[in-house]
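Have a look at the structure below before the remarks.
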Amino acid sequence: MIPCAYFMNIFKVARSIWIGMGITLKYFLNHKKTLCTIQYPKEKDLIPARHRGIHYLETEKCVMCWKCSDICPVDCIYIEGVRGADGPLQGGYRGQKATLSKFTVDYTVCIFCGLCEEPCPPKCIWLGPEFDYHSTDRTMMEKNLLTDEVYTEGDEVFVEWARGENNRLQEEKKKQKEAEKAAKEAEKAAAAAAETEEEGSDAEGESAE
């Protein structure tokens, strides 16, 4: 004897198929009124005002405080450069208070949380409305925010050169400061010796009198 539950299961499956086909037929007959497919990229859907998309950076405002990279929960923001508008970097991207040689976001790990926007003092990094950033190669998923292009091997060569140039110029600056400090100390010692010698000559003159 076939149990009643067997026929009940058949009825439920048939009913679900009937409902699904009914919905499909409804949209098929009224597709012009109920069209929900966007013909991307020729057509684009409306982007909400609070949408978090691809990052953008206003380089002239950046002070290179590293707060955006420090707060990033997945560590996908990489920054290099020197502080100061007259930094020692030969080339790069100069802002009002920083000279940047690297500012990238790795979209293979970015979760678009928006936490990088909140602590930024000059509000120079923000997530824009663009969402289309794809590639067939993982190495092409790092965006250079200084150029708004993919971070390439050529950019990496420049960053390595800038890193070495900055270190060299910083060492020269350090040596120059040390030389200036030594010169000042020598001047002070010479002045003190001259003062001591003058006091000694005055004491000899007084004793002769």
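So which residues in the stretch 115-150 are closer than 30 Å to residue 43 by Cβ and touching a Ser or Thr at 6+ places or on another chain (Cβ under 9 Å)?
Once the filter is applied, which keeps residues that are closer than 30 Å to residue 43 by Cβ and touching a Ser or Thr at 6+ places or on another chain (Cβ under 9 Å), the stretch 115-150 yields 138, 140, 141, 142, 143, 144, 145, 150.
Take the residues in the stretch 47-71 that are crowded, with 18+ Cβ neighbours inside 10 Å and of a type outside the set (Val, Ile, Thr), then tell me which one is farthest from residue 99 (Cα to Cα). Before you say what the answer is, go through the steps one by one.
First, pick out the residues of the stretch 47-71 that are crowded, with 18+ Cβ neighbours inside 10 Å: 54-55, 57, 59, 62, 64, 68.
Applying the additional criterion that residues be of a type outside the set (Val, Ile, Thr) yields 55, 57, 62, 64, 68.
Numbers: 55: 19, 57: 14, 62: 9, 64: 8, 68: 17 Å.
For the stretch 47-71, the residue satisfying everything is 55.
Determine, yes or no, whether residue 143 is among the basic types (Lys, Arg), under 12 Å from the mean Cα position of the chain (by Cα) and not in a helix (DSSP H, G or I).
Details: among the basic types (Lys, Arg): yes; under 12 Å from the mean Cα position of the chain (by Cα): yes; not in a helix (DSSP H, G or I): yes.
Criteria met by residue 143.
Out of all the residues in the stretch 109-135, which are aliphatic (A, V, I, L, M) and more than 20 Å from residue 64 (Cα to Cα)? Steps first, answer last, please.
Taking the stretch 109-135 as the starting set, the residues that turn out to be aliphatic (A, V, I, L, M) are 109, 111, 115, 125, 127.
Within the stretch 109-135, 109, 111 meet the criteria.
Residue-wise test of (1) farther than 22 Å from residue 48 by Cβ; (2) touching a strand residue (DSSP E or B) at 6+ places or on another chain (Cβ under 8 Å); (3) surrounded by fewer than 16 Cβ atoms within 10 Å (Cβ to Cβ).
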| residue | (1), (2), (3) |
| --- | --- |
| 119 | yes, no, yes |
| 123 | no, no, yes |
| 145 | yes, yes, no |
| 156 | yes, no, yes |
| 167 | yes, no, yes |
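Would you point out the residue of the stretch 146-165, among those that are outside any loop (DSSP other than H, G, I, E, B) and of a type in the set (Asp, Glu), that is farthest from the chain's Cα centre (by Cα)? Please lay out each step first, then the result.
Filtering the stretch 146-165 down to residues outside any loop (DSSP other than H, G, I, E, B) leaves 149-150, 153-165.
Then drop every residue that is not of a type in the set (Asp, Glu), which leaves 149, 153, 155-156, 160, 165.
Numbers: 149: 13, 153: 18, 155: 15, 156: 15, 160: 17, 165: 21 Å.
The residue in question is 165.
Can you list residue pairs whose Cβ atoms sit under 6 Å apart, with the first residue in the stretch 171-197 being within 30 Å of residue 82 (Cβ to Cβ) and the second being surrounded by fewer than 10 Cβ atoms within 10 Å (Cβ to Cβ)? Count only pairs 6 or more apart in sequence or on different chains.
none
For residues that are touching a residue at least 60 places away in the same chain (Cβ under 8 Å) and surrounded by 17 or more Cβ atoms within 10 Å (Cβ to Cβ), tally how many sit in the stretch 104-117.
Keep residues of the stretch 104-117 that are touching a residue at least 60 places away in the same chain (Cβ under 8 Å), which gives 112-114, 116.
Next cut, surrounded by 17 or more Cβ atoms within 10 Å (Cβ to Cβ) only: 116.
Number of matching residues: 1.
Going by what's in this entry, would residue 26 be described as among the charged types (D, E, K, R), at pLDDT below 80 and more than 23 Å from the chain's Cα centre (by Cα)?
On the way: among the charged types (D, E, K, R): yes; at pLDDT below 80: no; more than 23 Å from the chain's Cα centre (by Cα): yes.
For residue 26, the condition - among the charged types (D, E, K, R), at pLDDT below 80 and more than 23 Å from the chain's Cα centre (by Cα) - is not met.
The values are calculated or read from the model by the stated rules, or taken from the named source; none is laboratory data. Given the structure is predicted, the values throughout are model-derived calculations rather than measurements. When we count neighbours, we look across all protein chains shown, and the Cβ atoms used for this are built from the backbone with ideal geometry, even at glycine.
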